[in-house]
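Undergrad: Following this message is one structure expressed as structure tokens.
Every read-out reported here was derived from the displayed coordinates using simple, explicitly stated rules and does not represent laboratory data. Quick caveat, the model's predicted, so the values are computed rather than measured. Reconstructed Cβ throughout: ideal geometry from the backbone, glycine too, with neighbour counts over all protein chains shown.
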């Protein structure tokens, strides 16, 4: 029975002991964690399995880098003894996500917030873009690449009145060196494209300032792709309603 897990949390208070039946708390390698039983949390629809090929502990390290940089990531991660990754079900409150993943889905179903999402796109896309600019700049300032396949998603509040951008999937995010070392095809392709701006230099020939410029260029491309994913999601919603 899967009971013992590490709970990585932005704040320990985010994870309630009465839900986890946590047995102990501590700090390992600078990470806040609890060890306990998450079966009750699973049963109450508070967490969901997040299946990725990347090693669970490695993923948690990437997550730590992003949250320490103040970037909008999920508040908690759980990793079980089988190295499966769990994350909070952030739509349990009735909110919804729209972005590249939604746009690329094989099939989509109507959601209560579809019309509110379309109104946000029509009314507030300039604000969404401004928030994306800040997110990209913050990642660059901390030497991090936004996840190259899907930089961020639009999170629409349950009442449909508010939005935030959040980075859900970090598998293709992290430092440039780490991504290249893992031979991520997205990182290799975008790095080579961005290097065209540096007069034929290789990555190992760039000084610190040039490396930051390279990261900024890659993040700019990722940001534009993610914003286009949100627009594509809006088009998908309109098609769903015959608009």
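Undergrad: Which value in nm describes the separation of the simple spin-label points at residue 137 and residue 224, placed 7 Å from the Cα toward the beta carbon?
TA: Here the modelled spin labels are 1.9 nm apart.
Undergrad: Pop a pseudo-label 7 angstrom from the Cα along the beta-carbon direction at both residue 89 and residue 69 and give the gap in nm to one decimal.
TA: Inter-label distance under the simple model: 3.1 nm.
Undergrad: Starting from one equal scatterer on each C-alpha and no solvent at all, send me the Debye-based log10 I(q)/I(0) for the stretch 86-135 at q = 0.24, 0.28 Å⁻¹, two decimals.
TA: Log10 of I(q)/I(0), two decimals: -1.15, -1.19.
Undergrad: Same structure again: Using the Kirkwood radius over Cα pairs, work out the Stokes-Einstein diffusion coefficient for the stretch 88-197 at 4 °C and 1.567 mPa s, in µm²/s as a whole number.
TA: Details: Rh = 15.5 Å.
Taking Rh from Cα pairs, D becomes 83 µm²/s.
Undergrad: For residue 193, put the label point 7 Å out on the Cα→Cβ axis and report which residues of the stretch 216-233 keep their amide N under 15 Å from it.
TA: Taking a point 7 Å out along Cα→Cβ of residue 193, the residues of the stretch 216-233 whose backbone N falls under 15 Å are 216-229.
Undergrad: Using alpha carbon centroids, what distance separates the stretch 89-106 and the stretch 116-153, in Å?
TA: That distance is 16 Å.
Undergrad: What's the FRET efficiency of residue 239 with residue 119 using the Cβ-Cβ distance as r and R₀ = 22 Å, to the nearest 0.05?
TA: Values: r = 17 Å, r/R0 = 0.77.
Computed FRET efficiency for residue 239 and residue 119 comes out at 0.80.
Undergrad: Give me the one-decimal nm value for the distance between modelled label points at residue 210 and residue 161, 7 Å along each residue's Cα-to-Cβ direction.
TA: It works out to 5.2 nm between the two label points.
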